[in-house]
Amino acid sequence: MINLYGLEIKKLETLMAAEGQKPYRATQLYTWIYEKGATSFDQMTDVSAKFREVLKAKYCLEIPSVFVRQDSADGTMKLLLKLKDESKVEAVLMRYNYGNVICVTSQVGCNMGCSFCASGLLKKTRNLTTDEMVGQVLVVNNLLREAGGGQRVTHIVVMGTGEPFDNYDNVLDFVRIANHPKALAIGARHITVSTCGLPDRIRQYAREGLQINLAISLHAANDEIRSKIMKINRVYPLDQLMSAVKEYEQLAGRRVTFEYILLAGVNDSLHDADELSDLIRGTLAYVNLIPYNPVIENLYERSSDEKVHAFLDRLTKRGVTATIRKEFGTDIDAACGQLRAKHSL
Ligand code: SAH
């Protein structure tokens, strides 16, 4: 059975053409499942009964089920979702003043091995399929609909468990479905894909002609520190990453966001801030400073607020645009892989 939620419009059009259907059939199906929220083929009253039978024989409309739900006092909702094969993945909804942001998981576990990240405690067992990523958004949209008030997901960050560029094709199809006006209809500028920095994939992404935001998890401005905290840097050191970022900026005409977690005594000195501003000079990049969520016992500590602000001031003085990321759901294990780790380890 093919899950209809996993089909990017061109793939759906090709399949419909193979069924001898007219091109409009694909958009008609999109309208039914995304705009009108149909959950069965029988609801599609303007599709002939005969073709509905064809669809029922070959296609399904399945979304993950909610295994655990945690609601935070600040409105953050953390879900542990169960997939067809019983795998569990996290999705988080955060309420910013500008909209409802979902953090989507791209893999079951992760192999990138960043030393500060709880997601990597569980190794990758498989990639998520496109429909499983679309399904995370649909589950959250359904919960928002049930809660009333006309809310829906308005922004997507692919920053949950997994490395999106290690699951490139499925993630790209997912963001196309997220962005398609007849599907999830989320503006490209409201979608962000975050990578730990795979240069070949960044170059490939630069050529997709997408307006979707790209964030790079940098977290250190020299190879010595970065290789210590992010294994991937031993394979792709900073000069390779930075040249791919520059190529992306040129080809895509977009700036990237650099994410930088502040770890006490590791990468949070003023000297580190200077190195960071030197490293990204010549790019249009913007820096998002992330207060570390201490998830792995005794390994790292969060930088003090004082240090964080001193770091920010130093960057600003040196002409780097930077902000401090707002934190959500600290009362509900909402940080990066924590909920899943708690239920599986
Ligand atoms: N693999 C991708 C996307 C998933 S991680 C990537 O590396 O970008 C999403 C972001 O959360 C990354 O910037 C990651 O470094 C950060 N992160 C991981 N663990 C964290 C923690 N304990 N506290 C704060 N941020 C964390």
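The values are calculated or read from the model by the stated rules, or taken from the named source; none is laboratory data. Because the structure is a prediction, the values reported are computed rather than measured. All Cβ positions, glycine included, derive from the backbone under ideal geometry; neighbour counts span all protein chains shown.
Scanning the range 147-167 for residues that are of a type in the set (D, E, K, R), under 18 Å from Ile177 (Cβ atoms) and in a helix (DSSP H, G or I) yields a count of 0. Criterion applied to Asp274, Asp200, Asp278 was being surrounded by fewer than 20 Cβ atoms within 10 Å (Cβ to Cβ) and under 20 Å from the mean Cα position of the chain (by Cα), and the one residue passing it is Asp200. Yes or no: Pro237 in the same structural domain as Arg281 (by TED's automatic domain parsing) and buried (at least 16 other Cβ atoms within 10 Å of the Cβ)? Yes, satisfied. Assess whether Tyr236 counts as being of a type outside the set (A, V, I, L, M, F, W, C), modelled with pLDDT under 95 and either closer than 21 Å to Glu163 by Cα or within 15 Å of the ligand (Cβ to nearest atom) (or both). Answer is no for this residue. A single member of Ser72, Ser65 is within 22 Å of Lys326 (Cα to Cα), touching a residue at least 12 places away in the same chain (Cβ under 8 Å) and of a type in the set (S, T, N, Q), and it is Ser72. Scanning the range 232-263 for residues that are in contact with a helix residue (DSSP H, G or I) (Cβ under 9 Å, 6 or more places away or on another chain) and either small (Gly, Ala, Ser) or under 23 Å from Ser303 (Cα atoms) (or both) returns Asn233, Ser243, Ala244, Ala252, Phe258, Tyr260, Ile261, Leu262, Leu263. Suppose the filter is under 20 Å from Thr323 (Cα atoms) and assigned by TED's automatic domain parsing to the domain that holds Ala118; does Asp268 pass it? Yes; evaluated as a whole, the condition is true for this residue.
Taking residues in the range 106-124 that are touching a residue at least 24 places away in the same chain (Cβ under 8 Å) and within 14 Å of Cys196 (Cβ to Cβ), and partners anywhere that are hydroxyl-bearing (Ser, Thr, Tyr) and not in a loop (DSSP other than H, G, I, E, B), the pairs with Cβ atoms closer than 7 Å and at least 6 places apart or on different chains are Cys110/Ser119.
Scanning the range 151-169 for residues being within 16 Å of the ligand (Cβ to nearest atom) and either of a type outside the set (Val, Ile, Thr) or without any contact (Cβ under 8 Å) to a residue 24 or more places away in the chain (or both) gives a total of 10.
Is there a residue being of a type in the set (D, E, K, R) and within 16 Å of the ligand (Cβ to nearest atom) anywhere in the range 170-192? Looking through the range 170-192, none of the residues is of a type in the set (D, E, K, R) and within 16 Å of the ligand (Cβ to nearest atom). Go through the range 280-311 and give me each residue that's part of a loop (DSSP other than H, G, I, E, B) and closer than 19 Å to Ile216 by Cα. Across the range 280-311, the qualifying residues are Arg281, Gly282, Thr283, Leu284, Ala285, Tyr292, Asn293.
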